[in-house]
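Participant: My questions will all concern the structure given below.
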Amino acid sequence: MAGVLITFFLVSVVVSFFVTYGVIRLAEKKKAVSKPTRPRDIHKKPIPLWGGLAIFLSLVLLIGLAYAIVDFEQKAAIPIHYLVGAFVGALILIIFGVIDDKYKLKPHESIWGPTLAAVCAVVVGMRIDLITNPFGGFLEISQWPILAIVLTFFWLWWMQYTTKLLDGLDGLASGVVLIGTLVIFFLAISKNFFEPTTALYALIFAGVLFGFLIWNFNPAKIFLGEGGSTLVGFILGVLAIVSGSKLATALLVMGVPVLDMIWVMVRRRFFEHKKVTEGDDKHLHFRLLRAGLTHRQAVFFYYFIAAGFGASSLFLQSKQKLIALISLVLIIIGVGIWVTRRRDLKHTN
């Protein structure tokens, strides 16, 4: 099994690398590029979009190949209709993303992509059936089917918008999701959860992200685009569900962007009295830059937090994960205070 996993990971990296190169050339030819026109844009020259298309094409090819040639006994653990639902949802995101990149859809129009993608997953039967109770045992959500459907929908919707808002620096969203995917992979091959099919699909996604990240890391040669920024969150959310509702694990990895998203929404709505969908440059990653960190330092800060708390989830029990989440909140509050003071000092000097 180890040989199969390693082979598929390496093949995924190579395939993604070359598919991404092809998409870069295609985007340049079709002039599907991001021009630095907004105050919060950091890049200085047009950068090709459609990174999500490269990830989507690579995943369809590689997971289709894996499903066809790998004969795991637990293949039924992820039924074919789950894969179909996930890929239809992903295709919807890519289509909406390509349209959004070209015509700059308004928030009430672009919201339909993530919404329909989450609906696709729910329609094929994906459910968050249980949630670990931090005080012992499990909360069996499956006893309340309507609640399970609603929770699954909002989980996937939230993950998509978390990565969409995270995609502000080169390699940030793709790298953090890569870390989350690897954590799910290590959980899936552990003795407690052993799910070889989930492990294979997670490692393929990790390989695809790695191959893409080679082009997307600072200085980026391609951006995720609107479709790609939601796609990576959608796939990570799906993996968290099919791997046995590993929501706490995903939250520990994605904790910084999730908390940043919550704060952004609260700040815009209650403090600045404007629409929560109105973009700005006050996300934590932008504030880290203003505090004096370089582009790569800010990205590696996110990587470090995601990897540290993600790795801890491999060993922590339920109650300890809750403590870890609380610790993460306190760390982010501390970082917020630090970047604010650094900014004030720069202004006074």
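Participant: Among the residues of the range 106-119, write down those that are of a type in the set (A, V, I, L, M), surrounded by fewer than 20 Cβ atoms within 10 Å (Cβ to Cβ) and either touching a residue at least 12 places away in the same chain (Cβ under 8 Å) or touching an Asp or Glu at 6+ places or on another chain (Cβ under 8 Å) (or both).
Facilitator: Of everything in the range 106-119, those that are of a type in the set (A, V, I, L, M), surrounded by fewer than 20 Cβ atoms within 10 Å (Cβ to Cβ) and either touching a residue at least 12 places away in the same chain (Cβ under 8 Å) or touching an Asp or Glu at 6+ places or on another chain (Cβ under 8 Å) (or both) turn out to be Leu116, Val119.
Participant: Can you tell me which residue within the range 25-61, out of those that are within 15 Å of Gly227 (Cβ to Cβ) and over 24 Å from the mean Cα position of the chain (by Cα), is modelled with the lowest pLDDT?
Facilitator: My answer is Lys30.
Participant: Another one. Please list, ordered by first then second residue, the pairs with beta carbon atoms under 9 Å, 6 or more apart or interchain, first in the range 77-93 and closer than 18 Å to Gly113 by Cβ, second among the polar types (S, T, N, Q).
Facilitator: Short answer, once both residue conditions are applied: Leu93/Gln160; Leu93/Thr230.
Participant: Of (1) within 27 Å of Glu140 (Cβ to Cβ); (2) of a type in the set (Gly, Ala, Ser); (3) at pLDDT below 80, Gly237 satisfies all except one. Which?
Facilitator: Only one criterion in (1) within 27 Å of Glu140 (Cβ to Cβ); (2) of a type in the set (Gly, Ala, Ser); (3) at pLDDT below 80 is unmet by Gly237, namely (3).
Participant: Tally up the residues in the range 102-144 that are assigned to a helix (DSSP H, G or I) and at pLDDT 90 or above, please.
Facilitator: So the answer is 14.
Participant: Checking Ala173 against (1) surrounded by 24 or more Cβ atoms within 10 Å (Cβ to Cβ); (2) over 28 Å from His295 (Cα atoms); (3) within 17 Å of the chain's Cα centre (by Cα); (4) of a type outside the set (Phe, Trp, Tyr), only one condition comes out false. Which one?
Facilitator: (2)
Participant: Pairs needed: first member in the range 322-334, over 18 Å from Lys246 (Cα atoms); second member anywhere, among the β-branched types (Val, Ile, Thr); C-beta distance under 9 Å; at least 6 residues apart or different chains.
Facilitator: Ile331/Val256; Ile331/Ile305; Ile332/Val256; Ile332/Ile305
The values are calculated or read from the model by the stated rules, or taken from the named source; none is laboratory data. Values in this document were obtained by computation on a predicted structure and should not be read as measured data. FYI the Cβ positions are ideal-geometry reconstructions off the backbone, even for glycines, and counts take in every protein chain you see.
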